[in-house]
Structures are given as structure tokens and as C-alpha cells.
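Below is one structure, written out as C-alpha cells; comments come after it.
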Amino acid sequence: MISQKSVQEIIEVAKVEDVIQDYVTLKRRGVNMLGLCPFHNEKTPSFTVSPGKNIYKCFGCGKGGNPVQFIMELENFTFPEALRHLAKRYGIELEETQSSIENIEERKHLDSLTIITDYAKEFYADNLFNTGIGKSVGLSYYKERGFREETIKKFGLGFAPAKKDAFTVKAVHDGYSIELLRKLGLTTKYSSDFFRDRVMFTIHNITGKVIAFAGRTLSKEKKIPKYINSPETEIYVKNKVLYGAYFAKNGIRKEDECIIVEGYTDVISLHQGGIENVVASSGTSLTTGQIRLIKRYTPNIKILYDGDAAGKKAALRGLDLVLEQDMNVKVVLLPEGEDPDSYLQNVGAAAFKEFITEKAQDFILFKTDLLLEETKNDPVKKTGLIKDIVASIAKIPDPLKRSVYTKECSRKFEMDETILVNEINKLVGIDIKKKRQKEQVNSPGTHQRLTEELMSLEPSPESGIGQISQKQQKKPSAGNEYQEKDIIRILISGGDKYFDTEETTTVAAYILKNIEDVIDDFDNKEYEAIAKECRERLVDKKPIGEKYFLNHIDPKIQTLAVDLVHSPFEFSENWKAKWEIILTTQPDPDDNYMKDSINALYRFKFKKIIKMCEKNQQRLKEIDSNTDTGKMMKLLKVQQKLIGMRDDLAKKLKTVVLK
């Protein structure tokens with residue numbers, strides 16, 4: 001178990017913007033940063049990062065937290081695994097106490113897998129540089145491809161010897177488990193090496209860990225497969241990995257574009273030539289997982305294909321899936337007989353960049369032109385072409401983008417745009433229906449429950465926003481939860497700040513003193529528990545405020561804290577920076593804890609008194625005026641006093657009491 005001291009050190013050192021920018025492209029917006037959420041598909045950025053508070057929050061799907069939560073969510077790590085990941089990133093030495101046997105074994109198992117793959121990488125590299133056959137065969141091959149030594153080392157290239165068990169014997173001799181070697185696909189069930197007499201390409205995950213290998217034969221024998229790859233394991237899921245992504249992510253973010261090529265050598269050659277925003281799909285069609293990996297960094301994809309007939313056909317396969325993810329796809333056909341590696345070697349990096357910029361074509365328009373050329377005015381073929389193009393356009397989620405493509409294709413096809421629109425709408429409708437059916441299969445009753453919930457929504461008289469009906473959730477009669485939540489917001493966001501200019505009383509002390517008489521009367525028991533925890537910490541002279549609650553031991557309280565302190569809005573910097581308009585009679589709104597606290601308390605007490613009035617009025621109705629005259633008079637005096645307090649607070653709040 002990781003000590004609390006180490007946990008706190010990691011939380012204090014890890015910068016949320018640094019951690020998240022390894023996965024998401026962020027752009028500065030005022031004091032915050034904005035990007036596309038990695039946890040759900042979205043077209044408009046709603047994922048906000050607050051460097052000042054060291055938290056993130058998505059106002060689309062609701063996920064939020066600190067750097068540790070981000071790593072846990074995105075990498076599917078446990079809390080200790082996320083801490084270890086960040087500790088390694090920031091060079092923090094962990095203090096650990098005894099953990100559960102299950103956790104220790106699971107961690108050791110996963111660590112063992114990556115330790116072995118890293119060992120294998122070093123083995124193949126050593127054979128490449130330090131053996132005669134490695135130098136004469138493997139190193140010669142790489143150098144013939146134009147790879148410099150620093151590039152070979154950067155990408156972890158190597159050579160697997162021809163001897164049937166050279167790697168396995170050495171690995172077992174060095175203490176590595178034969179079972180794990182087999183599990184990783186490095187050793188066969190017959191205890192021989194899986195990779196033999198091949199040049200080796202190391203596959204890394206997005207954080208740079210070695211997770212798998214690809215081996216290429218240099219033999220001309222047709223029966224021998226050109227490439228063989230590691231099998232899928234707990235650390236290697238093929239459809240979520242792109243070759244070179246670890247080395248390309250910064251370049252993709254910088255260029256706001258991802259270039260996709262087919263082979264490993266294409267990636268390495270382009271990186272060496274200074275084009276670093278490039279990855280490889282390794283000869284397969286892009287998967288949803290791979291597309292989403294790219295989308296973390298950019299919505300723009302440029303795919304390079306060989307310029308021959310096969311390359312043109314390849315450009316039409318599998319890209320509808322990319323369109324479904326609302327990515328902007330461009331296609332570049334290289335000159336006939338060239339691949340990215342060879343063409344770069346022939347013309348140089350500058351000319352290569354210029355070519356792929358000038359020759360890039362939008363995928364839909366490229367597909368339209370290519371298929372129109374093939375129809376040769378054949379009406380039947382042209383009808384099939386139109387259906388094919390319409391099907392691709394229908395995959396695009398953005399209706400505005402669909403409209404633009406529809407208009408352009410209408411012009412190219414020389415046909416009425418309305419016909420295309422109707423056909424596209426039909427396909428969009430069918431697609432929506434299929435998705436709903438799939439959701440119903442995966443989660444029976446989902447839509448029925450959703451419909452029932454939507455039907456049960458009724459307007460809130462205070463906010464105008466739909467709320468769940470009383471059948472589903474018992475709602476406080478006077479709507480006290482909003483005011484309770486506001487009190488908790490101030491305690492969390494500014495409890496440790498000073499209430500007055502003399503700095504004698506904290507915000508927490510002022511608020512807790514003023515709600516002491518009703519602290520046991522919260523409608524929301526979660527808010528009540530937080531208020532009481534603040535009271536206990538105040539008595540014990542322990543800190544209360546943002547930092548404590550954002551890293552709270554209770555995940556529910558931590559999530560609530562993120563929701564309360566992080567807003568999708570911020571004040572424009574232009575008031576001060578551009579127009580030099582500065583508040584002189586009071587602090588800035590975010591720092592005006594006195595006004596915020598007083599107003600929140602007024603609203604809180606106002607609602608509590610209204611509730612007390614209602615309860616007292618109900619007691620009056622239940623009294624028999626003929627027999628309980630004394631009790632009735634007492635309750636009437638109480639009611640008069642409550643109404644007076646209510647009206648006094650109404651004046652302070654500048655509100656009107658309707659009853």
C-alpha cells in the first residue's frame with residue numbers, strides 16, 4: 001500500500017495540464033484550457049482543464065477530477081497503478097506499506113509482462129549491433145533503408161537470430177518465466193523462439209512502454225510470411241494501438257493533423273525526415289479504437305496511399321468508420337510506383353511536405369471523382385456510384401458538413417440536390433434506428449426507462465429546468481437543496497479564505513457559526529455530512545478548502561468538489577487588460593467571499609424559515625381551536641415571529657414573498 005505521504009507528494013507535484021496533454025490537445029482559453037473530451041465523442045470541446053485548481057471537468061459527460069483520476073479513467077488503472085504511473089513520470093520515490101496479496105500479485109504480473117518485453121527489445125538490439133550476423137544482415141537492411149543509428153535506437157529496432165531458441169534459452173537463464181514468455185508470444189509452446197531470423201520492430205503504447213513486436217523476414221521465399229506480429233495480451237490490444245503514436249503525439253498536436261501510412265518503415269523514414277506527426281495502421285483498416293486515439297490529439301487525418309490502381313482502391317476502403325467519428329479525412333495519392341518511404345528518399349523532406357499539402361484531397365470528393373471516372377457515363381454504374389457516395393455522406397454526424405458535401409456532389413452528379421438530401425435522410429434514419437435497437441439489445445428496457453423518465457419531468461418553479469417527479473424522488477417542499485448546495489460550495493471553494501479584511505475570521509468559521517442551529521436539519525444528508533466534517537476540522541484546527549476536498553478520500557465528495565469549484569464560464573480578461581476597468585469598491589467577484597457568504601446565508605435562512613412557516617401553519621390547521629386555545633395562541637406568536645424574520649430577509653434579498 002502506498003503511504004499517504006507519497007500520495008500527497010504525487011498530488012502536489014503532478015500538473016493536470018502536463019498529464020492530460022499527453023493524451024488530449026488543449027488550447028488556452030483565459031485562465032483555463034479547453035479540448036475534446038477523451039471519455040466521450042463530441043464535436044464541440046467541453047473538456048476544461050484548470051491549471052490553477054489542478055483539476056479537469058467535462059461539461060458534456062460530467063467526468064472530472066485531478067491528474068490521478070484522469071489516468072485511472074483513461075488507462076483503466078487502479079488507484080495504486082495510477083499513482084505509480086505518475087510517480088515514474090515525475091521521478092518520485094514511493095513509500096509503500098504492505099498491500100493485499102491480490103493487488104500485489106496483479107501488479108507484479110503486469111509489471112512482469114512489460115519488464116519481459118523491454119528485456120526482449122534489448123536482446124534484439126544487442127543482436128543487431130553486437131553480433132556478426134546482426135550487423136551484416138539486420139543493420140545492413142536498416143542502413144539500406146536510409147535509417148541513421150540514432151533513429152534505429154530511438155524506435156528500438158533489432159534483429160532476431162536464426163537459432164531456434166536463442167532468445168528463450170537466454171531469457172530463462174536470466175530468470176524469466178517460460179510461461180510468461182509464451183503468454184507474450186515470444187516463445188512457442190515447443191519452447192522455441194517465435195521470432196527467428198527477422199529484423200524486429202518494437203511496438204510501444206501511447207506512454208512509451210514496450211508492449212509487442214513485429215518481425216520482418218528478409219528471405220525471398222514466398223511461403224514465408226513477410227511480417228509476423230505478437231499476439232494480443234493484457235498489455236497489447238491491437239485495435240487500440242497505432243505504430244509510432246508514442247513518438248508522434250507531440251507532432252500531431254503541434255501540426256493539428258495526423259498522417260497515416262501503411263508500414264513501419266514509412267513511419268520511421270518520415271520521422272527521420274522531420275515529419276513527426278505520422279503513424280501506421282500496419283496494413284489494416286482503421287478501427288474505432290485507433291480513430292479515437294487520434295481524435296484525442298486532432299480531428300484531422302491525412303492518409304497516404306501508393307499511387308497505383310491498388311492504392312486508389314485502398315483509399316476507398318474502411319474510411320466510412322472515420323467519417324462516423326466526425327473526423328476530417330483527406331487522401332493523398334503518391335506518384336505511381338512510390339510509397340512514402342521511397343518518395344521521401346527521392347525528393348527530400350521539403351518537397352515531400354509540399355507535395356502532400358498540395359495533393360491532399362477531401363475523401364468524399366476524391367471518392368466521387370474516382371468513381372465518376374470509372375462509370376464512363378454508364379447509367380447503371382452511375383446509379384451505384386451515387387448510392388455509394390450517399391452512404392458515405394450519411395455516416396457524417398454533423399448535419400452542416402453533410403449539407404456542404406451534398407451540395408458539392410449534387411453539382412458533380414448534375415442532379416437535383418433534393419433527391420440526394422432525401423436519400424441521405426433515409427439512411428441517417430435507418431442508422432439511428434439500428435443504433436437504438438443495438439442499445440436495447442445491450443441494455444433491455446433502456447429506452448423505455450428513458451422515455452418514462454423524460455415523461456415524468458416537470459418544470460421547477462425556481463429554475464425553469466426539468467426535474468424528476470415526486471414519484472421518483474421526494475423533493476423538498478421549499479426547494480432547500482439548492483441553497484444547501486450553495487453553502488457547501490462556499491465551504492469547499494473558500495472555507496480557508498478570510499471573511500473580513502482584518503483577517504480575523506475565516507469563511508468557514510463565519511458560515512458554520514451562522515448555521516449551527518440548523519446544521520442537523522439539512523434536506524440533503526450528503527451536504528449535511530460535509531458541513532459537519534468542516535465543523536470538526538475547524539475545531540481541530542485542520543485546513544478546510546479547495547485543496548482538501550479536491551483530493552478527498554471519499555470519491556463522491558471529491559467528485560462533488562470538482563463539480564462545485566469548476567465552472568464552464570470565466571470572466572473576460574479584457575476588462576482589466578484591454579479596457580482597464582478595475583473594481584475599486586469591492587474585491588473581484590471570485591474573491592468577494594464576504595458578499596458571497598452573506599448572500600448565501602440569507603438565501604439559506606430564507607428557505608429554512610419558509611419551511612418552518614409551512615410546518616407551523618400545518619400544526620395550526622391540526623389544532624382544535626375550541627379546546628387548545630393556549631397552544632394555538634403560542635403557535636400564532638411563533639408564526640408571527642417567523643413571518644417577521646422571513647419578510648426581513650426578503651427585504652435584504654430584494655425579493656417578494658407571494659404568500
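General remarks:
- Residues satisfying the stated conditions in the stretch 619-657, i.e. under 25 Å from Asp596 (Cα atoms) and in a loop (DSSP other than H, G, I, E, B): Lys654, Thr655, Val656, Val657
Okay, residues lined up against (1) free of Cβ contacts under 8 Å to residues at least 60 places away in the same chain; (2) in contact with a strand residue (DSSP E or B) (Cβ under 6 Å, 6 or more places away or on another chain):
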| position | (1), (2) |
| --- | --- |
| Tyr119 | yes, no |
| Arg148 | no, no |
| Phe167 | yes, yes |
| Arg182 | yes, no |
| Thr202 | no, yes |
| Lys209 | no, no |
| Ala212 | no, yes |
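- Unique residue being at pLDDT 85 or above, in contact with a Ser or Thr (Cβ under 6 Å, 6 or more places away or on another chain) and not charged (D, E, K, R) when the list is Gly146, Gly156: Gly156
- Taking residues in the stretch 390-402 that are part of a helix (DSSP H, G or I), and partners anywhere that are aromatic (Phe, Trp, Tyr) and modelled with pLDDT under 85, not one pair has Cβ atoms closer than 7 Å while being at least 6 places apart or on different chains.
- Number of the condition not met by Pro80 [criteria: (1) at pLDDT 80 or above; (2) more than 21 Å from the chain's Cα centre (by Cα)]: (2)
- In the stretch 1-34, residue nearest to Lys547 (Cα to Cα) [restricted to those that are of a type in the set (A, V, I, L, M) and free of Cβ contacts under 8 Å to residues at least 40 places away in the same chain]: Met33
- For the stretch 285-297, a residue qualifies if it is surrounded by fewer than 21 Cβ atoms within 10 Å (Cβ to Cβ), touching a residue at least 40 places away in the same chain (Cβ under 8 Å) and either over 18 Å from Leu36 (Cβ atoms) or not basic (Lys, Arg) (or both), and the qualifying residues are Thr287, Thr288, Gly289.
- In summary, helices (runs of 4 or more DSSP H) completely within the stretch 1-85 and bearing 1 or more residues that are within 19 Å of Arg253 (Cα to Cα) and of a type in the set (Asp, Glu) occur at 16-20.
- The residues on offer are Phe522, Phe549, Phe604, Phe569, and the sole one that is surrounded by fewer than 16 Cβ atoms within 10 Å (Cβ to Cβ) and either assigned to a loop (DSSP other than H, G, I, E, B) or at pLDDT 80 or above (or both) is Phe569.
- Within the stretch 183-200, the only residue that satisfies the criterion of being surrounded by fewer than 19 Cβ atoms within 10 Å (Cβ to Cβ), under 23 Å from Tyr243 (Cα atoms) and in contact with a Lys or Arg (Cβ under 8 Å, 6 or more places away or on another chain) is Arg196.
- The single residue among Thr383, Thr368, Thr357 that is more than 23 Å from Asn328 (Cβ to Cβ) and assigned to a helix (DSSP H, G or I) turns out to be Thr383.
The values are calculated or read from the model by the stated rules, or taken from the named source; none is laboratory data. As the structure is a prediction and not an experimental result, all values here were calculated from the model. A quick note on method: Cβ atoms are made from the backbone with ideal geometry, for glycine too, and the neighbour counts reach across all protein chains shown.
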